[in-house]
Every structure is written in structure tokens, then in C-alpha cells.
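Since the structure comes first, as C-alpha cells, the remarks are kept for the end.
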Amino acid sequence: MSAPFDVIVVGGGVTGAGVARDAALRGLTVALVERGAPGCGTTAASTHLIHGGMRYLLYDRLTTHETCWDCGHIVRTAGDLLTRLPIVWPVYRDHARGLETVETLLEEYDRFQPMKHGRRHLRLSAETCARLVPGIKTEGLIGALSFDEWWVDAEDLARRTLESAKAAGAQILLGAPAEAVLRAGARVIGVRAGGRNLRGRVTVNAAGPWVDKVARLAGASLPLRLMKGTHLVYRDQALSPVGLLLEAEDRSRCIFVVPSPLGTWVGPTDLPGPDDPDEARTTDDEIAYLTRSVRRYFPRWPRHHDATIVGSRPILGQPGAENLLSRDFEVFDHELRDGIPGLLTIGGGKMSDYRLMAEAATDAACRKLGAAAHGTTQLTTLDGRPVAAIPPWPQPAPALKRFLRARPRLRRLHALAHLGAAFASHLARRAAGSCPETDEAAFRRHYATD
Ligand SMILES: Cc1cc2nc3c(=O)[nH]c(=O)nc-3n(C[C@H](O)[C@H](O)[C@H](O)COP(=O)(O)OP(=O)(O)OC[C@H]3O[C@@H](n4cnc5c(N)ncnc54)[C@H](O)[C@@H]3O)c2cc1C
């Protein structure tokens, strides 16, 4: 029988691809099995933004902080795949959040933007907004704010990360579903995938919303709350010349309009999904909600979309309301948790911190293997060129993160306390006349790619 791999990875979404790359760059022997094509799961159904999660500033500030930090690494190591996307947030008289509240949120996001090579926000008049976004409803429009994120072809990011893993020596098996885990007593010693037995000293379950299904093959289970998200896809790539963040018709959520080489995407929704991600389907209600939400602003918006895409966010089970669920991630050691040595799961997180998630999972695998090698994924581009480390940036204290993670109400208070102080200082600056509006030409210069 052939020697076992050091690490077997189940799942070739962006996270599993990241784990395979990280482990292979550390000199470990790696095999990855993916039941479909690279990134074909949740990764493909994402909004395709490398972003810090500005919305989490409302209830989970430390995740925004940490995600922006890892976005910076992705920008440096996968920069040729990314495009800067300016996003305009129009504000209307009847909106739940007024201009000053939205600007406060963006001023707070500005603190983290430099980590991800983002630009500071701009304040726009209603007239400038109407010029930048032709066809937008002007009745009730009182102004707009803008910020920027990075657009990426998410499946390409997974594919290129897998290619990088392969170049570092990893074996990649596509179209190879893990059907069973191999056991020696309680210990997991690999997987049976695509008709082959692959033996591994550590198996990393990186199956996104399917992590629970894969863990069950080994007799374990994981606390996931799957939240379903749908996008409407229009073939026309330029229904809006810039990205948009629009208050949806229920007024409690916002949806993106993202123009891209893959078409114009509108969404996502955020609804409790079925426990089995294979059962997630777009409903007529979701289509109607998204269509009405965008047509509130664009009376001439096409009545018919060309496609829909749906995915399930792999959110870790947490106490508290659905709209307060943290997007942070966790590595589960099934030896400590369930008495099953040889199996780790990486769960939760975002595409935007996939490198950090992969590093945490590979660190855990190295501890199991007694391997001393450190992660170097932040120092090499996906096509193998060296890059310098990002200058140090203060990181959230792990103890504070752990403490707040278990207390969602306190975590929200922590976020709101920061925003409250920021709102007061914003109002003071506004009274002093130091929040100027930007014109169209300055907007274009500001977001021009470097
Ligand atoms: C609607 C929506 C919008 C989102 N937008 C964003 C965004 O803009 N930015 C962002 O950062 N994050 C976003 N996210 C979150 C992000 O998409 C996910 O966090 C990320 O893609 C998860 O990647 P993953 O590799 O962990 O999971 P997946 O991409 O789901 O990969 C898991 C892989 O495991 C494979 N698999 C499953 N079972 C098996 C098996 N038995 N054997 C072998 N392979 C198996 C699947 O085929 C799949 O390819 C969004 C999520 C949703 C749902």
C-alpha cells in the first residue's frame, strides 16, 4: 500500500483550495478531493466580492477588522484577479438610515480600508449620484455615499489557488466525492473518494455548507446554521456603470447591484436555508423581492432576469437572532470534541478571509503532525512570485474575540458603542463644515485603478 499523505482535504471551494496550497507550500504531502469542479459550491454562489464586511460594523466589528486584514493579503497575492469596484449607496428621504448615519458607518469602515488597499469613502450630492447612475429615480434622492470593494471571479480564485497548490506538489482530484471515511478504530485515516482509497495522517474537512454531511461520515456532527442566498443574474454587464448598495423593499436589509464580466448580479437574499445544502432552491418570493427591490430605484430595470444562482452560507451555529450571526470561522478538532483523532473541520468564515482560514486549519494539522513549518501563503503570489509581508497592523485581541463570540448581545453593544462615538464626532465635523461633497470627475479620479 502507498505511503499516506500528510494531509487530505475534502472540498475544493476557496477554503479547501487554500488549505491544500498552504499545506503544500509548507512541504507537506497533500491530496484534495472535490466532488465537482473548483469553486462550484458556495464560492460560485457568492456576490464575488473580496470585502471586509462593512455591515458587520453594526454588530461584529472584530470580524470586519480581521477580514479586512486578510483581504489585504488576497489583494497582494491574487491581485491580478481582482478589480476595484466603486459602490454607490444612494440615500432617499424615506430610507431607514439617513445620510449622516450611512456616512458614519463608512467613516468607521475607512479605518479598516487601508488594510485591504481600499480608498476612503466619498460624499456625493443627489445630482452627482444621478449623473453617475443614469436612470436612477431622483424623486426623494437626498444624496449618496460611495466606498469600494474588490470584485473577483470567485471560481477562478478557487481554480488558481488549486493550481498554485498543484505547482507546490499537491494532488488534486476533481469529480471525486468523498463517499466514506477510512477508519482504524476511532481514528480517521483518510477517505474513499471517486472509487479510490486515499490514506492521510490528518483529514481536513473543508466542505463549506456540506461540512456537517462530511463529518457525519465519521460519526460526528457540527453546529451549522445555513443561511440561503440568491442572486438574480442579467447577461447585460452594464445595467449599472458602478456597483450599488440599495436599501431593499423590506427596509431592514440592503442588496448589491454588481456589474461584472459575468453579467449584472442583484442580491443576495439572506434566509434560513434547508439543513441539506443540496436542497437549497431559489423561490418565486425571493425573485419577486429582489426584482421589486431594484425596480424601486430603476423603473426601467428589465422585468426578466436571465438566471438565478443560490448558495448556503456556512455559518457556525450560534445563539441569537439571524441578523446578528457572526461570519467568523473556527477550526474544530474532532479528537478533542468527539473522540475522533485524525479529523479536523474548518467551518464558517468568508471567501474574503479564506487565506487566514486555511492558515488556521493548516496550523492545526501541523500541530497534529508534529510539523514545525510556518505558513507562507502571504509571501507568495498564486503564480509563485515572492511578495513582501504587509506592515504590522494592530489585530483584535484573541481573548476579546472569544469573549464576545459567546455573547452576541455584548458583541453588538461593543459595535454600537464604537458607532455611537463615531456618530457624535461625525456630527461635530459636519457642523464644522468638514464633510465636503465630491463631484463626478473627482469620483472617477478617486477610484481610478493604480
Ligand atoms: C449568497 C452568498 C453571497 C456571498 N457573498 C460573499 C462575498 O461577496 N464575499 C465573501 O467573502 N463571501 C461571500 N459569501 C460567503 C462565501 O461564499 C463562503 O464563505 C465561501 O465561498 C465558502 O467557501 P468554502 O470553500 O468553504 O465552501 P464551498 O465553496 O461550498 O466549497 C465546498 C466544496 O466542497 C465540495 N464538497 C461537498 N461535499 C463533498 C464531498 N463529500 N466530497 C468532496 N467534495 C465535497 C463542494 O462541491 C464544494 O465545492 C457569500 C455566501 C453566499 C451564500
* **When residues of segment 344-363 are limited to those that are of a type in the set (A, V, I, L, M, F, W, C) and in contact (Cβ under 8 Å) with a residue 40 or more places away in the chain, the one surrounded by the fewest Cβ atoms within 10 Å (Cβ to Cβ)** => Leu356
* Structure fact -> Contact list, first residue from segment 227-239 and closer than 15 Å to Cys254 by Cα and more than 12 Å from the ligand (Cβ to nearest atom), second anywhere and of a type in the set (A, V, I, L, M, F, W, C) and part of a strand (DSSP E or B), beta-carbon distance below 6 Å, six or more apart or interchain, is none
* If you take the residues in segment 180-197 that are within 11 Å of the ligand (Cβ to nearest atom) and in contact (Cβ under 8 Å) with a residue 24 or more places away in the chain, which one is farthest from Leu25 (Cα to Cα)? -> Ala180
* Structure fact -> Thr381 fails exactly one of (1) more than 28 Å from Thr77 (Cβ to Cβ); (2) of a type in the set (Val, Ile, Thr); (3) surrounded by fewer than 17 Cβ atoms within 10 Å (Cβ to Cβ), namely (1)
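Suppose the filter is of a type in the set (Ser, Thr, Tyr) and either within 30 Å of Gly135 (Cα to Cα) or buried (at least 17 other Cβ atoms within 10 Å of the Cβ) (or both); does Thr376 pass it?
The answer is no for Thr376.
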* To do: Identify all residues within segment 108-149 that are in a helix (DSSP H, G or I) and closer than 19 Å to His73 by Cβ; write none if there are none.
  => Tyr109, Arg111, Phe112, Gln113, Pro114, Met115, Lys116
* Give just the number: which of (1) surrounded by fewer than 22 Cβ atoms within 10 Å (Cβ to Cβ); (2) among the small types (Gly, Ala, Ser); (3) touching a helix residue (DSSP H, G or I) at 6+ places or on another chain (Cβ under 9 Å) does Ala144 not satisfy? => (1)
* Within segment 99-122, can one find any residue that is within 15 Å of Ser425 (Cβ to Cβ), in contact with a Phe, Trp or Tyr (Cβ under 8 Å, 6 or more places away or on another chain), among the β-branched types (Val, Ile, Thr) and surrounded by fewer than 20 Cβ atoms within 10 Å (Cβ to Cβ)? -> yes
* Given the conditions (1) surrounded by fewer than 17 Cβ atoms within 10 Å (Cβ to Cβ); (2) within 29 Å of the chain's Cα centre (by Cα); (3) outside any loop (DSSP other than H, G, I, E, B), report the number of the one that Gly169 does not fulfil. => (3)
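Look through segment 364-373, keep the residues that are assigned to a helix (DSSP H, G or I) and not charged (D, E, K, R), and return whichever of them is surrounded by the fewest Cβ atoms within 10 Å (Cβ to Cβ).
As a first pass, look at segment 364-373 and keep what is assigned to a helix (DSSP H, G or I): 364-369.
Narrowing the set further to residues that are not charged (D, E, K, R) leaves 364-366, 369.
Working: Ala364: 18, Ala365: 28, Cys366: 21, Leu369: 16.
This residue is Leu369.
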* For segment 45-53, does any single residue satisfy the condition of being within 7 Å of the ligand (Cβ to nearest atom), among the hydrophobic types (A, V, I, L, M, F, W, C) and in a helix (DSSP H, G or I)? -> yes
* Those residues of segment 1-41 which are more than 11 Å from the ligand (Cβ to nearest atom), among the hydrophobic types (A, V, I, L, M, F, W, C) and over 16 Å from Ala358 (Cα atoms), in sequence order -> Met1, Ala3, Phe5
* **Residue satisfying condition, being within 16 Å of Val9 (Cβ to Cβ), crowded, with 17+ Cβ neighbours inside 10 Å and either away from the ligand (no atom under 16 Å from the Cβ) or not small (Gly, Ala, Ser) (or both), within set Val133, Val211, Val152** => Val211
* **Flag for Thr63 being under 14 Å from the mean Cα position of the chain (by Cα), closer than 22 Å to Pro209 by Cβ and crowded, with 24+ Cβ neighbours inside 10 Å** => yes
* Which listed residue, of Leu32, Leu28, is among the hydrophobic types (A, V, I, L, M, F, W, C), surrounded by 22 or more Cβ atoms within 10 Å (Cβ to Cβ) and part of a loop (DSSP other than H, G, I, E, B) -> Leu28
* Asked: From the set of residues in segment 311-360 that are part of a strand (DSSP E or B) and more than 12 Å from the ligand (Cβ to nearest atom), which is farthest from Val7 (Cα to Cα)?
  -> Glu330
* To do: Would you check if Ala280 is loosely packed, with under 14 Cβ neighbours inside 10 Å and either at pLDDT 95 or above or away from the ligand (no atom under 15 Å from the Cβ) (or both)?
  => no
* Would you point out which residue out of Val14, Val75, Val9, Val88 is farther than 23 Å from His231 by Cβ and surrounded by 23 or more Cβ atoms within 10 Å (Cβ to Cβ)? => Val9
* **Residue among Thr104, Thr83 that is assigned to a helix (DSSP H, G or I) and more than 9 Å from the ligand (Cβ to nearest atom)** => Thr104
* **In segment 55-77, residue farthest from Gly348 (Cα to Cα) [restricted to those that are β-branched (Val, Ile, Thr) and within 15 Å of the ligand (Cβ to nearest atom)]** => Val75
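The values are calculated or read from the model by the stated rules, or taken from the named source; none is laboratory data. Keep in mind it's a predicted model, so treat the numbers as computed, not measured. Cβ sites come from the backbone with ideal geometry, for glycine too, and all protein chains shown count toward neighbours.
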